């Protein structure tokens, strides 16, 4: 992944998220063409502004697609001509849900949606990351230092 003239295209889900933003930044620095999904194109400028603050100045290899993990719309276009997918997004509620399924079902279904559309688009490889939410609610972060063991 060090070739500055890389011709491969990577889709990063969740471009407005912390992990998504940092992933996009690193991919652009390494010469990849990057597509990213965001739930609303109205958030595009916030991603560009954050990338500018991180030192990214050339946005010719970055494109945005409106797609939500809880719906099929937009995924076929976002994945068109992609070589790889880095699925780092997960639907997350603003408040801790009373029922764990409010978190689990949209995350599961969103991952399955990405895999389905990636397969249809002929993507070579999909990488899925977990969320801190998978372990973060089990312990008080003030009383615990999280490590790989968690």
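Rule-based calculations on the coordinates, nothing more; no lab input. The model shown is predicted, which means the values in this text are computed figures rather than measured ones.
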Which of 41, 27, 115 fluctuates most in a GNM of the chain (C-alpha springs under 10 Å)? That residue is 41
Relative to the chain, whose Cα atoms define the longest principal axis, helix 101-121 and its Cα axis are tilted in degrees, nearest 10, by 20 degrees
The chain, Gaussian network, Cα under 10 Å: of 125, 60, 113, the residue fluctuating most is 60
Mean-square fluctuation maximum in Gaussian network of the chain, Cα pairs under 10 Å, restricted to 77, 96, 66, hits 96
The rounded separation in angstrom of the Cα centers of the stretch 79-150 and the stretch 40-78 is 18 Å
Relative to the chain, whose Cα atoms define the longest principal axis, helix 44-53 and its Cα axis are tilted in degrees, nearest 10, by 80 degrees
quick note, the stretch 9-136, DSSP beta bridge pairs, % antiparallel (nearest 5) is 0 percent
